[in-house]
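Heads up: the structure comes next, in structure tokens.
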Amino acid sequence: MQTTNEYNRKRYRLGLWFVAPAVFVLLIVLAYPIFASLVLSFLRVRFAGQGLSFEFNGLNNYADLLRKDLFREALFRSVYYTVIEVVSVIVLALLVALMLNHPLGRSAFYRVVLLVPWALAPVANAVLWKWIYNANYGILNQALRGLGAIEENIIWLGKPWLALNMILVADIWKAVPFIALLILAGLQNIPSYLYKAARLDGANAWQQFVHITLPGIKTTFVISIVLQSIWALKVFDLIYVLTKGSPADSTVLLNYLSWRETFSNLDIGYGAAIANVLFALMLMLALVYIRALRPRQPQAQGG
């Protein structure tokens with residue numbers, strides 16, 4: 001008879017054969033572009049008469065990142081954008097999830113309505129908000145004037161920090177539904193007997209929320225924060241459709257700056273260096289995500 005170790009080794013080898021095609025595809029789709037981007041970041045790529053010319057540029061592209069004000073400003077705006085969006089989305093999604101988890105909010109109708117913003121295609125969502133923000137006939141200005149909140153139309157995308165925050169609002173609106181559903185799934189996995197025991201012990205609603213609800217969705221919280229941080233860092237479609245980086249480059253974030261340097265200014269090496277910095281930031285967040293999903297090993301009890 002086969003020993004347990006031999007059986008496990010055969011299962012392991014068989015599993016490797018099954019996952020090999022998927023790993024091969026991932027290497028082509030993911031590993032090669034990452035490697036190519038890394039190589040390009042050390043080159044100076046120029047358009048010559050016969051095509052592209054490549055010249056080794058060392059670390060000059062990365063040195064330019066530190067020298068150029070636009071990169072530092074884009075990095076600061078990306079951090080600001082990510083922090084504000086993550087905090088806003090998590091808080092709003094938690095409130096929505098708590099309402100949907102309440103007996104009065106468990107109707108399937110509410111969940112369908114909640115999914116509408118998330119189901120919209122990214123570009124369609126951006127075009128929708130472009131109409132809403134239109135300075136002349138946008139519904140936002142019309143609604144505020146109807147309520148008497150403003151007397152003249154506001155150019156929502158015409159002022160630097162206002163434009164950036166208006167993009168944030170549009171992104172938050174689309175991001176909340178998915179995160180709310182994640183948190184809702186976490187809420188529904190909390191055993192109901194914990195709340196019953198807490199009520200018998202005299203705990204009020206706030207104490208139940210702090211000592212049962214929040215610890216019960218801790219892993220879901222971490223996953224939501226990491227995922228939303230990655231999505232916020234790679235925002236592109238909203239900026240491209242709404243502002244294209246204007247006014248005065250005030251809405252240029254790292255992902256958009258990388259695209260513009262590569263495909264508009266044709267500085268491929270410098271654009272690749274920016275993309276690699278963004279990739280490094282998202283990789284660190286991905287490692288946090290993997291660590292959060294890793295099952296915890298039970299601690300041995302001392303004798």
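The values are calculated or read from the model by the stated rules, or taken from the named source; none is laboratory data. Quick caveat: nothing in here was measured; it's all calculated off a predicted structure. Cβ sites come from the backbone with ideal geometry, for glycine too, and all protein chains shown count toward neighbours.
Points worth noting:
- Output for the stretch 55-83, where each listed residue is crowded, with 16+ Cβ neighbours inside 10 Å and either within 16 Å of the chain's Cα centre (by Cα) or farther than 17 Å from Asn276 by Cα (or both): Leu75, Arg77, Ser78, Tyr81, Thr82
- Selected residue (criterion: surrounded by the fewest Cβ atoms within 10 Å (Cβ to Cβ)) from residues of the stretch 119-130 that are in contact (Cβ under 8 Å) with a residue 60 or more places away in the chain and aliphatic (A, V, I, L, M): Val123
- Scan of the stretch 1-46 for residues that are hydroxyl-bearing (Ser, Thr, Tyr) and within 30 Å of the chain's Cα centre (by Cα), ordered by number: Tyr32, Ser37, Ser41
- Every pair of residues 6+ apart whose Cβ atoms lie under 9 Å, when the first sits in the stretch 171-185 and is without any contact (Cβ under 8 Å) to a residue 40 or more places away in the chain while the second is in a helix (DSSP H, G or I) and crowded, with 21+ Cβ neighbours inside 10 Å: Ala185/Ala97
- Inspection of the stretch 136-148 finds no residue satisfying the criterion of being in the same structural domain as Val113 (by TED's automatic domain parsing), in contact (Cβ under 8 Å) with a residue 12 or more places away in the chain, surrounded by fewer than 18 Cβ atoms within 10 Å (Cβ to Cβ) and basic (Lys, Arg).
- Evaluating Tyr133 against the criteria (1) exposed (fewer than 14 other Cβ atoms within 10 Å of the Cβ); (2) touching a Leu at 6+ places or on another chain (Cβ under 9 Å) leaves one unmet condition, (1).
- Residue in the stretch 114-134 that is of a type in the set (Ser, Thr, Tyr) and more than 22 Å from Asn165 (Cβ to Cβ) present: no
- Looking across the stretch 55-97, the residues that are free of Cβ contacts under 8 Å to residues at least 24 places away in the same chain and small (Gly, Ala, Ser) come down to Gly58, Ala63.
- Odd one out for Leu233 among (1) closer than 30 Å to Asn255 by Cβ; (2) in contact (Cβ under 8 Å) with a residue 60 or more places away in the chain; (3) more than 16 Å from the chain's Cα centre (by Cα): (3)
- Exclusive hit being within 26 Å of Tyr133 (Cβ to Cβ) and either in contact with a helix residue (DSSP H, G or I) (Cβ under 6 Å, 6 or more places away or on another chain) or surrounded by fewer than 18 Cβ atoms within 10 Å (Cβ to Cβ) (or both), set Ile274, Ile239, Ile290: Ile239
- Flag if Asn153 is exposed (fewer than 14 other Cβ atoms within 10 Å of the Cβ), touching a residue at least 12 places away in the same chain (Cβ under 8 Å) and either more than 24 Å from the chain's Cα centre (by Cα) or on the phi > 0 side of the Ramachandran plot (or both): no
- No other residue among Leu27, Leu104 is of a type in the set (A, V, I, L, M), part of a helix (DSSP H, G or I) and either surrounded by 15 or more Cβ atoms within 10 Å (Cβ to Cβ) or assigned by TED's automatic domain parsing to the domain that holds Ala280 (or both) apart from Leu104.
- Which numbered condition Tyr195 misses (of (1) touching a Ser or Thr at 6+ places or on another chain (Cβ under 9 Å); (2) surrounded by fewer than 13 Cβ atoms within 10 Å (Cβ to Cβ); (3) over 26 Å from Val113 (Cβ atoms)): (2)
- Counting only helices (runs of 4 or more DSSP H) wholly contained in the stretch 121-219, the ones carrying 3 or more residues that are under 29 Å from Ala232 (Cα atoms) and hydrophobic (A, V, I, L, M, F, W, C) occupy 122-132, 139-146, 160-188.
- Residue list for the stretch 107-118, filter: part of a helix (DSSP H, G or I) and without any contact (Cβ under 8 Å) to a residue 24 or more places away in the chain: Ala108, Phe109, Tyr110, Val112, Val113
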